[in-house]
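Read the structure below first, then the notes.
The values are calculated or read from the model by the stated rules, or taken from the named source; none is laboratory data. As the structure is a computational prediction, the values presented were derived from the model and not from experiment. As a convention, Cβ positions derive from the backbone with ideal geometry for all residues, glycine included, and neighbour counts pool all protein chains shown.
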């Protein structure tokens, strides 16, 4: 008998605002910007890409392209999606003053 395993989808586990904020915070710490964009895409899917598109005024297809591998979305796009998700960037010191 062969076991069937469903593919992992992070969106299935992004069920609360606290989990989403922690997930995005961890992703933004990675030096590879594609990690953050992929995480943002996961969160948008978890919340409903159609709803995010409606709130931001961007088309669904545009959002899929904006957060796909190798994409370089504009800051205003990322900012609009973050607002629609109910989260925001916070800038904090990264060690002792220079």
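Considering only residues that are surrounded by 10 or more Cβ atoms within 10 Å (Cβ to Cβ) and assigned to a loop (DSSP other than H, G, I, E, B), look in region 59-74 and name the one that is modelled with the lowest pLDDT. Restricting to residues being surrounded by 10 or more Cβ atoms within 10 Å (Cβ to Cβ) and assigned to a loop (DSSP other than H, G, I, E, B), the top hit is 68. Looking for something over 24 Å from residue 19 (Cα atoms) and out of contact with any helix residue (DSSP H, G or I) (no Cβ under 7 Å at 6 or more places or on another chain) - is there at least one such residue anywhere in region 78-94? Scanning region 78-94, I find no residue that is over 24 Å from residue 19 (Cα atoms) and out of contact with any helix residue (DSSP H, G or I) (no Cβ under 7 Å at 6 or more places or on another chain), so the answer is no. Residues in region 67-81 that are on the phi < 0 side of the Ramachandran plot and in contact (Cβ under 8 Å) with a residue 24 or more places away in the chain: 67, 68, 69, 71, 73, 78, 80, 81. Does residue 42 count as modelled with pLDDT under 95, surrounded by 13 or more Cβ atoms within 10 Å (Cβ to Cβ) and in a helix (DSSP H, G or I)? So residue 42 passes the test. For region 1-27, enumerate the residues that are part of a loop (DSSP other than H, G, I, E, B) and under 21 Å from residue 92 (Cβ atoms). Hits for region 1-27: nothing passes. For residue 30, all conditions in the list (1) modelled with pLDDT of 90 or more; (2) part of a helix (DSSP H, G or I); (3) surrounded by 10 or more Cβ atoms within 10 Å (Cβ to Cβ) hold save one; what is the number of the exception? Checking residue 30 against (1) modelled with pLDDT of 90 or more; (2) part of a helix (DSSP H, G or I); (3) surrounded by 10 or more Cβ atoms within 10 Å (Cβ to Cβ), the one that fails is (2).
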